[in-house]
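One structure below.
Just so it is clear, none of the values below were taken in a lab; they were calculated from the coordinates. Remember, predicted model here, so these are calculated numbers, not experimental data. Reconstructed Cβ throughout: ideal geometry from the backbone, glycine too, with neighbour counts over all protein chains shown.
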Amino acid sequence: MKSVVVDETAKQIEERLGINWTPAQKQAYLDSIKIVYLKRLETPYPIHDFYTAGTKRAQDEWDAYWEGKPLKDPRYNKGQRRKTKTIDFSQLQYIIEQDESVQFRDADTKELVMIVIRDFFPDAAMREAFTKVCLEVVERRRDDRREDPGQLCHFGYTCGSRHQPGLRLATCNKRLNTPARIEYERQLNYKAQGMAGLGWNMLKSRLPDEIIQDYEDAIANSEAPRMDMQREQKDFSFPFHGKSVMFKGLDLPPPSGLCSINYSRFTHKENNGNRFFIACTTEAPADPTKGGNFYNASYGIMLKAATNTVTSWLPSDYHGTTLYEMVEGPEKRAGYEIRPDGGINTGFSFEVSKMIRNAVKQGLKRKDAPPTSCSSSSTSSAVEEEIRVRQPPPKRPRVARRSRFARTADDSDGGCSKGADSDSDYIP
């Protein structure tokens, strides 16, 4: 796969990326992806509420790593860290190979339950640029799932905190106290929006209509703005061949995005604001045998992680990602664990939280709420609002000691769901 190295107009890039495919082209593309019918398992596998390790070594490493380490939030899972098990591949119905694209339908209802598309982005340089943006987002945003391996961070709009809901842009985890830092944050917002915008419009051209329409209906019902970064403009930009290219006339992406790195989660299911969930893996380790593979436990499907993959599934089905073989990272703190082979699994996904509609309404009720529509003139106002929100209050006599657990996922300014900042999952 080669990247184009000449200057292009936005329309030429759109054509090359297949953003403006006709319905016939889209159908021909989907017809080329095989369909597999599977029965829903009577008992989900891997087992519900356990972390599932990809290898026995991975299980032993994580058990040893977690032993004696307190939870960041003692309210998590009633103060108990979840147990681990090693995967038994014989109990799976289907393992998706790294070069395999496939659609899964329920054998009884014939309904689409999952789709995997390999080699999704045709431009390698663009995909690598997406990876860099994802890593920047992860570095500068708060980890939304602090008890899970790896990191999962928001960009675009979030729902505020449980105690003060309201739609606002995901905030930086660093102080924006200099013009240079403010400008860096503004440019990161632009890049993240551009990545999400190009990704979303490519997804519209390739994924089944029922998945895209599910998102569109949920966004309309939420009354939230799309990912406009609090600007009046309905366009977005992204760098190609060393210069910024503005894309006009395309749809803005859904309101909320997530970036992750080396993220794993136990077997679980969710109730989001829409039925489907879409994740784009921009980079994954070459060797999937060490763990870090997404699975759909309701149907016994395991997806071997691979670079340049798009996956969509029903979050209401049981799912998770296997623990990978790991070593402690140089930061020596949770969320920064690394793989011995040095590989990373990263990418971005789109979320429509079930809490976003309430966040819009509650934000409108508060006089000091940030704008909840495309009403401000530039991203500068959004960044300035973020600085205002994140400034510490004036010092005053303390009447009681603040618990070190007081700022938890429940009162974060980065999320959209109960008990954690995201109601969605991760990048498979």
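Tabulated data for the structure shown
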| item | result |
| --- | --- |
| Long-range HN-HN contacts of Ile95 with modeled amide H, under 5 Å | Met302 |
| Net charge of neighbours whose Cβ lies under 11 Å from the Cβ of Thr322, counting Lys and Arg as +1 and Asp and Glu as -1 | +3 |
| Dipole of the range 71-208, positive direction: furthest Cα of Ala129, Tyr157, Ser101, with charges on the beta-carbon | Tyr157 |
| Cα-derived Rg over Rh, computed across the range 145-265 with Rh taken as Kirkwood radius | 0.98 |
| The range 24-69 shape via C-alpha gyration tensor axes, a/c threshold 1.5 | prolate |
| Highest to lowest packing among 240-251, 263-274, 188-199, scored as the average C-beta count within 10 Å | 188-199, 263-274, 240-251 |
| Mean separation of Cα contacts under 8 Å (6+ apart) over length of the range 93-233, as relative contact order % | 15 percent |
| Dipole of the range 187-300, positive direction: furthest Cα of Gln187, Phe276, Leu207, with charges on the beta-carbon | Gln187 |
| Cβ-placed point charges (K, R +1; D, E -1), dipole of the range 43-166 about Cα centre in debye, nearest 20 | 740 debye |
| DSSP-loop GluC sites (Glu not before Pro) across the range 16-100, with at most 13 other Cβ within 10 angstrom | Glu42, Glu67, Glu97 |
| Nonlocal amide H pairs with Met114, under 5 Å, H built at 1.01 Å | Phe104 |
| Dipole of the range 23-116 [Lys/Arg +1, Asp/Glu -1 at C-beta], most positive-end residue of Leu71, Pro23, Gly54 | Leu71 |
| Ranked packing of 351-363, 109-121, most packed first, by mean Cβ within 10 Å | 351-363, 109-121 |
| Charge dipole (debye, nearest 20) of the range 21-112; +1 at Cβ of Lys and Arg, -1 at Cβ of Asp and Glu | 440 debye |
| The range 261-329: proportion of alpha-carbon pairs further apart than 15 angstrom, % | 55 percent |
| Cα centroid of the range 37-56 to Cα centroid of the range 205-264, whole Å | 32 Å |
| Convex hull projection area averaged over all views, the range 49-163, Cα basis, nm² | 11.6 nm² |
| Sequence-distant residues sharing a close amide H with Ser237 (under 5 Å, placed H) | Gly194, Phe247 |
